[in-house]
Amino acid sequence: MAQLRYPYTLGAMVMRYPLKTHVQRNWVYKAYGIGLLLCLPIFAKITASIPEPKQKADAHH
């Protein structure tokens, strides 16, 4: 496939965007991953500590 001088379509712009370089050189992605890994056990513990809702009695008016 020939390289376009200017990516005219949205697909060509997305394919040409240097995402790998941004992820490797930007600290935000690394901090997000570390923070997510540190918080996942806390979120799981909070979710597990919530009691199940009780069944309501089937009362008609």
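Values in this text are rule-based calculations from the coordinates and carry no lab data. The model shown is predicted, which means the values in this text are computed figures rather than measured ones. Neighbour counts run over all protein chains shown; Cβ positions are idealised from the backbone, glycine included.
Quick notes on this structure:
- Using only side-chain charges placed at the Cβ, +1 for Lys and Arg and -1 for Asp and Glu, the dipole size of the chain relative to its Cα centre rounds to 400 debye.
- For region 19-61, average projected area of the Cα convex hull in nm²: 6.1
- Residue among 41, 51, 18 with the largest mean-square fluctuation in a Gaussian network model of the chain, springs linking Cα atoms under 10 Å: 51
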